[in-house]
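Report on the following structure.
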Amino acid sequence: MIESDIIKKRILVIGSNGMLGQRITEFYNKSDNVELMCVSVEENSFIPEVQYKQLDISQKDQVKQVILNFFPDVIINTAAFTNVDRSETERETAWKINVGGVENIALYSWTIDAHLIHFSTDYIFDGKNGPYTEEDKPNPIGYYGRTKLASENSIRVSGTRYTIVRSNVLYGPSKYGRPDFVKWVINSLQNGEKIRIVTDQIGNPTYIDDLVDAMDKIIEFKKEGLYNIGGREMISRFDFTLRIAKYFSLDEKLIVPILTKELNQQAVRPLKSGLITIKAETEIGFKPHTIEETFSLMQKGMK
């Protein structure tokens, strides 16, 4: 038996109870070649039968203990304060988690020479001239976007080996926690509820399992730097919702078109956004599913 068959890759998933963290955990939990450690802020793991510890990433000593004790080859950080509106009013908390927490992770990732995979967002852009490449200059218009950009910058200067993965509008299967956008639309329309959906927010919604596959390729090929990962179609949130209703044979008349400003949200949203994924397609063979293919995969999982 060759050496690579004996030595398992040690992977630490931070934020394993979140939507993305759950899918990453399930993905690597099936692998015979991975020794997996999962951490989240909750007391217990949502995914049963995994090695798990509670962790608040804003607490430096806790981060140090987890990383130095497990000594991972790869650290995958999905933990973040993601409530865009609350980020405006709870700025200290948003900064403490999204920036301070990431600084802690990057420091101890550097200490043990681990490869840090960190997830970021298209909210680091102003949404005036999207879709965006990896080379476009960020200009966040909300506090959430500012914290996410600051976290990217803290990783860049940390000295650790890193890959920053930007995505937008995540959807797809997750067993625990609040439903994703697609499931929320399906549930609302099945219950006969009218839903107000914006026509002026444009992006390329990211199917969560496509994102996990791309991340696994980044780890496999040891790619570092910055990668955009998103769906293959640029589409408004309203048109995306119509596609959901049509595919699942639900009443499109319940979908009410509105403009973002009518929602009176606390945080300003980037409108013309989305991420160009040519770099990932070229360098790691990224091939996202079509929107209808993702709905089919989700439908099979619902049965």
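Values quoted throughout were computed directly from the atomic coordinates according to the rules given, and no laboratory measurement underlies them. In this text, all values refer to a predicted model and were calculated from it rather than measured experimentally. With ideal geometry, Cβ positions are generated from the backbone for all residues, glycine too; neighbour counts draw on all protein chains shown.
Could you tally the net charge around G130, taking each other residue with its Cβ under 11 Å from the Cβ of G130, Lys/Arg +1 and Asp/Glu -1?
Values: positive: K128, K272; negative: D122, D126, D136.
Combined, the nearby Lys, Arg, Asp and Glu give -1.
Can you give the longest run of the chain that contains no chymotrypsin sites (Phe, Trp or Tyr not before Pro) sitting in a DSSP loop with at most 15 other Cβ atoms inside 10 Å?
Numbers: sites that count: Y176, F221.
Looking at the chain, 1-175 is the longest stretch - no exposed chymotrypsin sites (Phe, Trp or Tyr not before Pro) with at most 15 other Cβ atoms within 10 Å.
For the chain, find the longest principal axis of its Cα atoms and tell me its angle to the long axis of helix 102-112, 0 to 90°, nearest 10.
Between the helix axis and the principal axis of the chain, the angle is about 30 degrees.
Note down the magnitude of the dipole of the range 34-176 about its Cα centre, charges +1 on Lys and Arg C-beta and -1 on Asp and Glu C-beta and zero elsewhere, to the nearest 20 debye.
Details: 14 positive and 19 negative charges, 42 e Å.
The calculated dipole for the range 34-176 is roughly 200 debye.
Structure shown: which of K223/K287; K128/K246; K64/K175; K30/K217 lie over 24 Å apart, alpha-carbon to alpha-carbon? Don't jump to the answer; show the numbers that get you there.
Details: K223/K287 17 Å; K128/K246 30 Å; K64/K175 30 Å; K30/K217 16 Å.
Over 24 Å apart, Cα to Cα: K128/K246; K64/K175.
In the range 189-235, what is the volume of the convex hull around the alpha carbon atoms, normalised per residue and reported in Å³? Don't skip to the answer; put the middle values down first.
Details: hull volume 4.9 nm³, N = 47.
Residue-normalised Cα hull volume stands at 104 Å³.
The range 204-254 to the range 133-176: how many Å between their Cα centroids?
So the separation of the two Cα centres works out to 16 Å.
Taking the Cα centre of the range 60-126 as the origin and placing charges on Cβ (Lys, Arg +1; Asp, Glu -1), which of I97, N83, V63 is farthest toward the positive end of the dipole?
The residue sitting farthest along the positive end of the dipole is V63.
Compare the Cα positions of G203, V39, L189 along the charge dipole of the chain (+1 at Cβ of Lys, Arg; -1 at Cβ of Asp, Glu; about the Cα centre) and return the one farthest towards the positive end.
L189
Rounded to the nearest 20 debye, what is the charge dipole size of the chain about its Cα centre when +1 sits on each Lys and Arg Cβ and -1 on each Asp and Glu Cβ?
Numbers: 38 positive and 41 negative charges, 106 e Å.
The dipole magnitude comes to about 500 debye.
Which ³J(HN,Hα) values, rounded to whole Hz and listed in residue order, are derived for the range 94-101 from phi using the Karplus coefficients 6.51, -1.76 and 1.60 in 6.51 cos²θ - 1.76 cosθ + 1.60 with θ = phi - 60°, glycine and proline given as x?
So the Karplus estimates, Gly and Pro as x, are 4, 5, 4, 7, 6, 10, x, x Hz.
Can you give me the C-alpha center-to-center distance between the range 114-131 and the range 1-75, rounded to a whole angstrom?
23
In degrees, nearest 10, range 0 to 90: what is the angle between the Cα axis of helix 19-29 and the longest Cα principal axis of the chain?
Helix 19-29 sits at roughly 50 degrees to that axis.
Could you run the Karplus curve 6.51 cos²θ - 1.76 cosθ + 1.60 with θ = phi - 60° over the range 69-75 and give me ³J(HN,Hα) per residue in whole Hz, x for Gly and Pro?
6, 7, 6, x, 7, 10, 10
Quote the relative contact order of the range 1-156 in percent (integer), defining contacts as alpha-carbon pairs under 8 Å separated by 6+ residues. Walk me through the numbers on the way to the answer.
Details: 258 pairs, mean separation 32.5, N = 156.
Relative contact order of the range 1-156: 21 percent.
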